[in-house]
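Take a look at the structure set out below.
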Amino acid sequence: MHDCVTNWTGRCYNNSNVSVRFNVKLQRMRYAARVDSNQTQIVSALRAAGAYVWIIGLPVDLLVGYNGHTFLVEIKADSKKRLTKLQADFFENWAGSTLARIDGPEAALRMIGVCGTT
């Protein structure tokens, strides 16, 4: 769904009973983005391994701290799923700490350097 902006013009009265015209832009809120079907398992696996995990949603799905390292993580349920335009731009221009795209709990554990499976 695209954001929708609507203008609303009206009158109100201040404490001196003087009419004041105003124009307000009302913006419809976006629906929450869909959560990847494997996000719960990935977050559980990371937390079980001792990682500190924040679900941030934008520009990527997770902010993960583990053993003094920070990881920004985009989850895709299928490794063939494409990034959104915003995500692709972020991946292309990010100049900070580790940025990863993962598709399951095992990949998440490999990312933080923990061997084994969940």
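The values are calculated or read from the model by the stated rules, or taken from the named source; none is laboratory data. As the structure is a computational prediction, the values presented were derived from the model and not from experiment. Methodologically, a virtual Cβ is constructed for each residue, glycine included, from the backbone with ideal geometry; neighbour enumeration extends over all protein chains shown.
Looking only at residues in region 31-66 that are among the small types (Gly, Ala, Ser) and assigned to a helix (DSSP H, G or I), the one that is farthest from Asp103 (Cα to Cα) is Ala48. Residues that are surrounded by 10 or more Cβ atoms within 10 Å (Cβ to Cβ), assigned to a helix (DSSP H, G or I), without any contact (Cβ under 8 Å) to a residue 24 or more places away in the chain and not charged (D, E, K, R) within region 67-106 comprise Ala88, Phe91, listed in sequence order. Got at least one residue in region 37-44 being modelled with pLDDT of 90 or more and under 15 Å from Gly113 (Cα atoms)? Checked region 37-44: at least one residue is modelled with pLDDT of 90 or more and under 15 Å from Gly113 (Cα atoms).
Could you list, in sequence order, all residues of region 88-112 that are among the polar types (S, T, N, Q) and under 17 Å from Val64 (Cα atoms)? Working first, answer last.
At the first step, the residues of region 88-112 found to be among the polar types (S, T, N, Q) are 93, 97-98.
Selection gives Ser97, Thr98.
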